[in-house]
Amino acid sequence: MACIRRGLVRSGQDDGAPRSSCSVPCSREAGSARVSLPGGCAIGARPVDQHLKGLQALGAQIRIEHGYIVADLGSNRRLRGARIVTDLVTLTGTETMMMAATLADGETVIENAAREPEVADLPPA
């Protein structure tokens, strides 16, 4: 379970580290989000470059500061629809972009999107 509060999403972990994959909804409400860079896991490294590329295409200003990803919507505080072409297929990247797109003004098209059942189950029927 995640708790959303003032631009930060914290996972239920004891270390209190923000969970990067849930930063999209926070950005819209607070106008910005600051989440730690993800670590690895048993599978290996978990790059987020495609997530960030998609968020930038939607109008978020992204920067890396002292081990954190900082996303800012600027004075407009709105995401805008866009055509996003990912460099590779990414399940969680597709989910992140889809969640962000639901908060954006206009239409968003994600090319090279993942097609796993989890992605198909994400939007409402």
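Observations on the structure shown:
- Label point distance in nm, Leu88-Asn112, each placed 7 Å from Cα along Cα→Cβ: 1.0
- In the assembled protein chains, Asp87 presents an accessible area of approximately 110 Å² (probe radius 1.4 Å).
- Dipole of segment 65-125 computed with +1 at Lys/Arg Cβ and -1 at Asp/Glu Cβ about the Cα centre; of Val119, Thr90, Ala104, farthest Cα towards the positive end is Ala104.
- Remark: spin-label model distance Val119-Leu103 equals 2.1 nm, labels positioned 7 Å along the Cα→Cβ axis.
- Pairwise Cα separations in segment 56-125 fall into 10 Å bins from 0 onward with the following percentages, short to long: 19, 47, 30, 4, 0.
- Those GluC sites (Glu not before Pro) in segment 47-125 that DSSP places in a loop and that have at most 11 other beta carbons within 10 Å: Glu107
The values are calculated or read from the model by the stated rules, or taken from the named source; none is laboratory data. Keep in mind it's a predicted model, so treat the numbers as computed, not measured. With ideal geometry, Cβ positions are generated from the backbone for all residues, glycine too; neighbour counts draw on all protein chains shown. Areas reflect the complete protein model, heavy atoms only, side chains present, ligands, DNA and RNA absent. Shrake-Rupley method; radii C 1.70, N 1.55, O 1.52, S 1.80 Å.
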